[in-house]
1. So S131 passes all but one of these: (1) surrounded by 12 or more Cβ atoms within 10 Å (Cβ to Cβ); (2) at pLDDT 80 or above. Which condition number does it fail?
2. Being of a type in the set (D, E) and within 15 Å of S39 (Cα to Cα) is the filter here, so list the residues in region 52-73 that pass it.
3. What helices (runs of 4 or more DSSP H) completely inside region 1-104 contain at least 3 residues that are free of Cβ contacts under 8 Å to residues at least 40 places away in the same chain and under 30 Å from E140 (Cβ atoms)?
4. Among the residues of region 6-57, which ones are charged (D, E, K, R) and either under 30 Å from R76 (Cβ atoms) or within 16 Å of the chain's Cα centre (by Cα) (or both)?
Amino acid sequence: MNSIFKYSIIILLTILIGFAMGFLISGRMTKSRIDRMHSYYTEQGFHREFVRRLDLSSEQLESLQPILQKYAEQNRELLDTHRKHQAESFENLKTEIKPFLTPEQIKRMEVMQERWKRGGKKKGFRDGKRSDDRRKRKKERSRKKE
């Protein structure tokens with residue numbers, strides 16, 4: 001009985017460790033892929049990714065350099081245009097739905113917009129301290145619960 005219990009614990013711990021490792025590795029792989037996709041947003045990143053993925057020789061790279069540069073610039077212009085259209089669309093959305101929202105929801109929408117402008121990066125912990133914005137929201141929630 002005692003040995004069955006020990007083996008069960010060992011198997012359970014092995015499964016849990018495997019699950020945790022898989023979770024962490026999956027997260028790192030996803031972040032790596034996202035970072036690689038973000039590199040396409042710059043001309044240098046666009047160029048670097050094409051060279052890396054196609055595994056170009058030095059002769060090919062020399063011949064293709066002007067072509068890659070041309071399309072890297074076009075890609076950047078398209079992304080800038082897309083971002084401008086996206087910002088205009090969000091402003092139109094904001095204008096249309098604002099009359100239906102509470103002041104708190106309007107603030108949330110503005111936070112969403114700021115996050116979007118920063119590229120989705122949250123304000124969270126900085127130098128080991130919470131940002132003032134998060135601290136205020138946490139206090140408001142605790143007051144509402146009381």
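The values are calculated or read from the model by the stated rules, or taken from the named source; none is laboratory data. Bear in mind that the values here come from a model prediction, so they are computed numbers and not experimental data. FYI the Cβ positions are ideal-geometry reconstructions off the backbone, even for glycines, and counts take in every protein chain you see.
1. (2)
2. Matches in region 52-73: E73 only.
3. Result: 58-97.
4. R28, K31, R33, D35, R36, E43, R48, E49, R52, R53, D55
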